[in-house]
Amino acid sequence: MGNRIVSIIAAVLLMTGASAQQYTGMGGLIQVPSADMDTVPVAHIGAHYVDKHMVPDKMTVDGEKFNSWTNYLTIQPFRWIEIGYGYTLWKFHKNKDPKAEVGFYAKDRYFSVRVQPIREARWWPSVVLGGNDVWGSGDEGRSGSNFYKNFYVALSKHVEVEGQWIGAHIAYRKWKRDYNRKWDGVVGGITVQPSFYRPLRFIAEWDGCEPNVGVDCTLFRYVMLQASLQNMQYFSGGVCLRIPLVRIGSRCRGL
């Protein structure tokens, strides 16, 4: 058992960790959304290092993009809906003084939601309708943000092949801002969960502009590790705490 755990950790490290878009914490692959939902009510709290190639083009300081961090909290209170809040740290000159030092003095905040009207069965895929940055001051205010605002419909179907659990995922996505059009349209990917350890998941996807590969893994049922290579070369990765809400509710009812 000990050797198996070591092998899993090594695989995560070598490929640069459980089913969440890595920059928002919502269900999905890496950049691509999916129609997968957890089987029980659950919450995710996580932090993720994001390479500048994954950051929208308008998030710049002095005209240059930057590597950043995202933090998120997502809650799936029922099997058919997931909601989330997250933010990406944004670099600015301190006090907006062009001569002052540059640091993470701002945040781009966003709310996300996913609804699953059709659950996967033997003869049909699961279907999810969702969006990221679904509401914000950028719509009516002066901020002009909504950097991550997009809406999508996603389908997912899984089959077992010689003990390996293989998932096929496809989505149509529409972004609000013109500078994110490179991620518009049909996107999708494939996931593989090996028979020797189901919580380990290998990912390959097309995000509408570039191919990405990654891996995520749940350790000890509660800790999720995530890692990916954007365009097969730029590393992003993070860690997430997975909190089942059913147990919390059961304990509260037992008091």
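We did not get these values from a lab; they are worked out from the coordinates using the rules stated. Every value quoted in this text rests on a predicted model; they were computed, and no experiment measured them. Cβ placement follows ideal geometry from the backbone for every residue including glycine, while neighbour counts extend to all protein chains displayed.
Return the FRET efficiency for the residue pair ARG109, LEU245: r is the Cβ-Cβ distance, R0 is 35 Å, and the value is rounded to the nearest 0.05. The pair ARG109/LEU245 has a calculated efficiency of 0.90. Taking amide hydrogens as placed 1.01 Å from N in the peptide plane, the amide H of GLU210 sits under 5 Å from that of no residue at least 5 positions away in sequence or on another chain.
Within segment 51-80, the trypsin sites (Lys or Arg not before Pro) that combine a DSSP coil assignment with at most 16 other C-beta atoms in a 10 angstrom radius are LYS58, ARG79.
Checking every one of the GluC sites (Glu not before Pro) in segment 39-106 against DSSP loop status and a limit of 11 other Cβ atoms within 10 Å picks out GLU101.
Phi angles across segment 208-216 convert, under the Karplus curve 6.51 cos²θ - 1.76 cosθ + 1.60 with θ = phi - 60°, into 3J(HN,Hα) values of x, 9, 9, x, 10, 10, x, 8, 9 Hz, Gly and Pro given as x. Can you list which of the chymotrypsin sites (Phe, Trp or Tyr not before Pro) found in segment 192-231 are DSSP loop residues with at most 11 other C-beta atoms within 10 Å? Taking segment 192-231 and a limit of 11 other Cβ atoms within 10 Å, the loop chymotrypsin sites (Phe, Trp or Tyr not before Pro) found are PHE196, PHE220, TYR222. Pairs exceeding a 32 Å alpha-carbon distance, out of LYS107/LYS157; LYS58/LYS157; LYS96/LYS149; LYS99/LYS174; LYS65/LYS157; LYS94/LYS174: LYS107/LYS157; LYS58/LYS157; LYS99/LYS174; LYS65/LYS157; LYS94/LYS174. Seen from TRP175, the other residues with C-beta closer than 10 Å to its C-beta sum to a net charge of +4, counting Lys and Arg as +1 and Asp and Glu as -1.
The distance separating the Cα centre of segment 104-120 from that of segment 64-87 comes to 5 Å.
How would segment 56-206 be classified by its alpha-carbon gyration tensor: rounded, prolate or oblate, with rounded meaning a/c under 1.5 and the a/b versus b/c comparison settling the rest? Prolate, because a/c is 1.5 or more and a/b exceeds b/c. Using a simple spin-label model with pseudo-atoms 7 Å out from Cα toward Cβ, ALA47 and ARG198 lie 3.2 nm apart.
The value given for segment 166-234 is a Kirkwood hydrodynamic radius of 13.3 Å, derived from the mean inverse Cα-Cα separation. In this structure, TYR179 and ILE81 have a Cβ-Cβ separation that, at R0 = 30 Å, corresponds to a calculated FRET efficiency of about 0.50. Here the 3J(HN,Hα) profile of segment 48-58, calculated from phi with Karplus coefficients 6.51, -1.76 and 1.60 at θ = phi - 60°, is 9, 7, 10, 5, 4, 6, 8, 7, x, 4, 7 Hz, Gly and Pro shown as x.
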